[in-house]
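Quick notes on the structure that follows.
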Amino acid sequence: MKDAMIGLIEELLRETYEGGLPGQGTQYLDSVSGIRRTLGSLTAAQASASRNGHPSIASHARHMHFHMVA
């Protein structure tokens, strides 16, 4: 049971960062999602832009990074 759970968590993390595998189901609505693809498609200016006083995408990515390495 523990190994199965670890495998599911590893797959979810891979999918979160790299996106879904072609032809397979996904935990997300979009099989071509993934943090790396999403951030990679933005310019630095786009990622750094704040809209309506909300934090930028870059600040969210930095926040996420902080918690992943903490």
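The values are calculated or read from the model by the stated rules, or taken from the named source; none is laboratory data. The model shown is predicted, which means the values in this text are computed figures rather than measured ones. No Cβ is skipped: glycine too gets one built from the backbone with ideal geometry, and neighbour counts run over all protein chains shown. When the accessible area is computed, the model is the full protein with side chains, heavy atoms only, and any ligands, DNA or RNA have been set aside. Shrake-Rupley method; radii C 1.70, N 1.55, O 1.52, S 1.80 Å.
Taking 8 Å as the Cα distance limit and 6 or more residues as the minimum spacing, I'd like the relative contact order of the chain as a percentage.
So the answer I get is 18 percent.
Between 0 and 90 degrees, the angle of helix 57-69 with respect to the longest Cα principal axis of the chain falls at about 40 degrees.
Accessible surface of HIS63, taken over heavy atoms with a 1.4 Å probe and every protein chain present, rounds to 110 Å². In the chain, helices alone account for a calculated mean residue ellipticity at 222 nm of -17500 deg cm²/dmol, with every DSSP H run of four or more residues adding -39,500 (n - 2.57). Both numbers refer to the Cα atoms of the chain; Rg and Dmax are 14.7, 46 Å. Note on exposure: THR16, THR38 ranked by accessible area (1.4 Å probe, complete protein assembly) read THR38, THR16, with the most exposed listed first. Only protein heavy atoms count here; on that basis, with a 1.4 Å probe, SER59 has an accessible area of about 50 Å². The 1.4 Å probe gives accessible areas that order ARG51, ARG14, largest first, as ARG51, ARG14. Between ALA4, GLY25, PRO55, the Cα set farthest toward the positive side of the dipole of the chain (charges on each charged residue's Cβ, about the Cα centre) is that of PRO55.
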